[in-house]
Amino acid sequence: MVRDALVPALLLVNILTTGAPQDRPAAVALTAALALPLLWRRRAPRAVFGAVAAASAAQWLMDVQLPADVALLMALYTVAATSDRRGTLVAGAVVEIGALLACLRWTTEGAFLTPFVAVTALVVAAAVLGVNVRTTRAYLAALEERATRLEQQHDQQARLAVAEERTRITREMHDIVTHNLSVMVALTDAAVYAQHRSPDKATTAMLRISETGRQALTDMRRSLGILRTDEPDGERHPLPGIAQLETLARQMRAAGLPTRVEVEGGHTHLPATAQLTVYRLVQEALTNALKHTPAGTEATVRVRCSTEAVTVDVTDTGPRPPRPGSAPSGHGIPGMRERSAAYGGTLQAGPLPGGGWRVRTRLVLGSSGTASV
């Protein structure tokens, strides 16, 4: 408002200090009518332009020349800077008609063309300047909107990444806790059963319970250590892979599930994340077999590795309900499906025709491959 009041104030001071005293009242009134509406040109540009144009028409009818005619150019600039193309053309046409009438009345005979071209140039300059300002503002607004949208997308991607990491850690915790607790429960039952008949076997079972508990704590610390930059445990204990399947089988045999592991093909070239997925799939399948099958059940793990894919096949001889609705409930099989899907695999889990249960999937290592089971 202070900046917009500067031009009207200068125009009023100029008309008060110049001109003949007898013409001063009319000149001051017309100058006020031309200049004072500029105070509101940013709030109502079209209304202000109409008021200034009306004052200019009255000035022309009264045959009074004033420096305050510059207010009409300022009003035109404001309309061009805030209105669309149609509004700018209409306002420019109105000012150009006024310029033509002014030059016809107030130019000397034979000197019409030069003043008219000069005034027309001022009209065009005011309109073009306003259009450029409007275009620049629109461009900056578009850039700001785009930056805001990109920031929102970045925040959304960050939230999705956090959610994905939480899901991964939750799945890891489920596999670690479920497997180790199942083994510890089985070993505890065996120790209780053997404490009077065979104290040595009970002592061995208790030692294995302690070992399993320590292993569970190590695995949990390793998985959660990824969230802490000052946690070196992940470096001291690499993530389990295919090479640790035999150790897992010995643990399952100690818990009462005879397990045999067969690995075909070299696995040293496989990524660590793929090997971890294979290990967790086998661990979950054996844990389910340990929990849901009677004593005497045997399990077989077959892993076939190639440069393109890894096939995991876990079978057991324990009886299972043939109906899908009777299958054990929980997050084990859905978690295995999610792990398989991460590598383009489709998990199959169900009873075998001759008895027993099978979990089978094929992890595709190539980014463009598709899984077939």
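The values are calculated or read from the model by the stated rules, or taken from the named source; none is laboratory data. The structure displayed is predicted, hence computed values, not measured ones. Quick reminder, even Gly has a Cβ in these numbers, built from the backbone with ideal geometry, and neighbours come from all protein chains shown. Side chains are part of the model used for accessible areas, which takes the heavy atoms of the whole protein and leaves out ligands, DNA and RNA. Shrake-Rupley method; radii C 1.70, N 1.55, O 1.52, S 1.80 Å.
Scanning the stretch 82-99 for residues that are open to solvent by less than 90 Å² (accessible area, probe 1.4 Å), free of Cβ contacts under 8 Å to residues at least 12 places away in the same chain and β-branched (Val, Ile, Thr) returns a single hit, 90. If the condition is being of a type outside the set (S, T, N, Q), farther than 12 Å from residue 264 by Cβ and under 38 Å from the mean Cα position of the chain (by Cα), then the stretch 297-308 contributes only 308.
Determine, yes or no, whether residue 50 is small (Gly, Ala, Ser), surrounded by 18 or more Cβ atoms within 10 Å (Cβ to Cβ) and within 57 Å of the chain's Cα centre (by Cα). No; evaluated as a whole, the condition is false for this residue.
Scanning the stretch 299-308 for residues that are surrounded by fewer than 17 Cβ atoms within 10 Å (Cβ to Cβ) and either in contact with a helix residue (DSSP H, G or I) (Cβ under 6 Å, 6 or more places away or on another chain) or acidic (Asp, Glu) (or both) yields one hit, 308. Filtering the stretch 278-293 to residues that are over 13 Å from residue 249 (Cα atoms), open to solvent by 10 Å² or more (accessible area, probe 1.4 Å) and at pLDDT 85 or above leaves only 288. Inside the stretch 123-152, residues that are farther than 23 Å from residue 75 by Cα and either in contact with an Asp or Glu (Cβ under 7 Å, 6 or more places away or on another chain) or small (Gly, Ala, Ser) (or both) make up a count of 3.
Of the residues making up the stretch 262-277, those that are surrounded by 20 or more Cβ atoms within 10 Å (Cβ to Cβ) and either in contact (Cβ under 8 Å) with a residue 40 or more places away in the chain or closer than 22 Å to residue 205 by Cβ (or both) are 270, 274, 277.
Applying the set (1) part of a helix (DSSP H, G or I); (2) free of Cβ contacts under 8 Å to residues at least 12 places away in the same chain to residue 111 leaves exactly one unmet item: (1). When restricted to residues that are in contact with a Leu (Cβ under 8 Å, 6 or more places away or on another chain), under 17 Å from residue 97 (Cα atoms) and polar (S, T, N, Q), the stretch 30-83 contains 2. For residue 296, are the conditions met, namely being open to solvent by less than 30 Å² (accessible area, probe 1.4 Å), part of a loop (DSSP other than H, G, I, E, B), over 25 Å from residue 363 (Cα atoms) and touching a Gly at 6+ places or on another chain (Cβ under 9 Å)? So residue 296 does not fit the description; no.
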